[in-house]
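First comes the structure, then the notes that go with it.
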Amino acid sequence: RDVYDPRITSPKSSTVWVVGHSVEVTWDTSDKPKHVTNPEGKVVLGYVEDGDPSEHLDMDHPLADGFDISDGHVKIKVPNVERRNDYIVILFGDSGNRSPAFTI
C-alpha cells in the first residue's frame, strides 16, 4: 500500500481568505507514488487553538470532495465563517495533511 501525504503549499501562514471569494488550495505532487491507494481527495476546514489538541474539523461541510488528489490543486469558495487567524485546511486522500494556520 502506498500512503500519499502531500505537503500543502497554499494556504500559507500569511494567507488571508475573504468570505465568498474563490480560492485555490494547492499541494506538492512531486513525490507522488506510482500507485496511490486512494486517489479521491477531500479538503476540510478546521481551526487550532493554543493549548487545545483538537483540530475542530468541519467534516459535515467539506470545502471540496471527490477530486483527483494527483491534480495538486482544487478551487473552493470561502465559506461564511467567523473571523479567526487560526484556521487550517486538511487534505484527505491516502492520508491527511494539514496546512499552517491562516486567516479568514
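Structural remarks
- Selected from P100, I76, Y87, residue furthest toward positive end of dipole (the chain; charges at beta carbon): I76
- From phi via Karplus (6.51, -1.76, 1.60), per-residue ³J(HN,Hα) for segment 51-66 in Hz, x at Gly/Pro: x, 10, x, 6, 9, 6, 6, 8, 5, 6, 9, x, 6, 7, 8, x
- Between the amide H of R7 and those of D28, distances stay under 5 Å, these residues lying 5 or more places away or on another chain, with hydrogens modeled in the peptide plane.
- Each Lys and Arg adds +1 at its Cβ and each Asp and Glu adds -1 at its Cβ; summed about the Cα centre, segment 8-98 shows a dipole of about 320 debye.
- Whole-Hz couplings from phi, Karplus 6.51/-1.76/1.60, listed for segment 18-31; x for Gly and Pro: 10, 3, x, 7, 8, 9, 10, 9, 10, 8, 7, 9, 5, 10
- For F67, the residues whose modelled amide H falls within less than 5 Å of its own, excluding neighbours fewer than 5 places apart on the same chain, are G41.
- Excluding the site residues themselves, the longest part of the chain lacking any trypsin sites (Lys or Arg not before Pro) in a DSSP loop with at most 15 other Cβ atoms within 10 Å is 35-82.
- Measuring nothing but protein heavy atoms, the accessible surface of the chain at 1.4 Å probe radius is 43 percent carbon and sulfur.
- In the context of the full set of protein chains, residues of the chain present 58 Å² of accessible surface per residue (probe radius 1.4 Å, heavy atoms only).
The values are calculated or read from the model by the stated rules, or taken from the named source; none is laboratory data. In this text, all values refer to a predicted model and were calculated from it rather than measured experimentally. Methodologically, a virtual Cβ is constructed for each residue, glycine included, from the backbone with ideal geometry; neighbour enumeration extends over all protein chains shown. Heavy atoms of the whole protein, side chains included, go into the accessibility calculation; ligands, DNA and RNA do not. Shrake-Rupley method; radii C 1.70, N 1.55, O 1.52, S 1.80 Å.
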